[in-house]
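Engineer: Here's a structure for you.
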Amino acid sequence: MHYFNPKLKQYLYTTSFKDDDFLREITQFTTVEIVKPNSFIENNLKNYWRSFSITENLVKQNIDVYHGLSNELPVNIKKFKGKKIVTIHDLIFLRYPELYPYLDRIIYRVKFYSACKNANTIIIEDCSSLIGNIPRVSQCTNIAVFEINNQTPLCTITGGLIVFSNSELY
């Protein structure tokens, strides 16, 4: 985003960094602020921070747009009045449930449906994930489906209509 709008203030919410190169690159931008858990409890219960405490930060920092990058939004995201975007990378747990423990499948399904229900925009990287899996989302105004490494949406959903830009897909 920095390359498109260098003046845009961005907050990166993360519990930790595993990639030192990424950290070095991202911290060179003065408009990017890294937000991490700041209490003993949040540092030791990182899932709690990611699922609940982030929303409090969004409200306090008067954020306009929140983008959940990994198939989920915080549980209490309804408290946040800004725009909500979620990226759905894959739904393999629905396609091949036998590969996942029962409890994991339930948790993934609840997070996925909740994110879709609460998002204003859903971005899907793999069109095959779309078929039969996206729940009814009355609040959602936009869904864009991309194949990985492709800049052009394969289909968009607006007002409940699915429009494929390549009719040979299905």
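Engineer: I'd like the Karplus ³J(HN,Hα) series for the stretch 43-54: coefficients 6.51, -1.76, 1.60, θ = phi - 60°, whole numbers in Hz, and an x wherever there's a Gly or Pro.
Structural biologist: 5, 9, 10, 5, 5, 4, 4, 5, 8, 10, 6, 4
Engineer: How charged is the neighbourhood of N44? Take every other residue with its Cβ under 14 Å from the Cβ of N44, and add Lys/Arg as +1 and Asp/Glu as -1.
Structural biologist: Value of the local net charge: +2.
Engineer: Go through E42, E56, E33 and list them by solvent-accessible area, largest first, probe radius 1.4 Å.
Structural biologist: The ranking, largest first, comes out as E56, E33, E42.
Engineer: What does the highest-first list of 57-69, 20-32 look like by mean Cβ count within 10 Å?
Structural biologist: Ranking the peptides 57-69, 20-32 by packing returns 57-69, 20-32.
Engineer: Could I ask something else about it? Which residues' amide hydrogens lie under 5 Å from the amide hydrogen of I34, considering only partners 5 or more residues apart or on another chain, with H built in the peptide plane?
Structural biologist: Under 5 Å from the amide H of I34: L12.
Engineer: Which of the listed residues, Y13, I26, Q61, is farthest toward the dipole's positive end in the stretch 1-61, when Lys, Arg count +1 and Asp, Glu count -1 at the beta-carbon?
Structural biologist: Q61
The values are calculated or read from the model by the stated rules, or taken from the named source; none is laboratory data. Because the structure is a prediction, the values reported are computed rather than measured. Counting neighbours? That spans all protein chains shown, and the Cβs are built from the backbone with ideal geometry, glycine included. Side chains included, ligands, DNA and RNA excluded: accessible areas come from the protein's heavy atoms. Shrake-Rupley method; radii C 1.70, N 1.55, O 1.52, S 1.80 Å.
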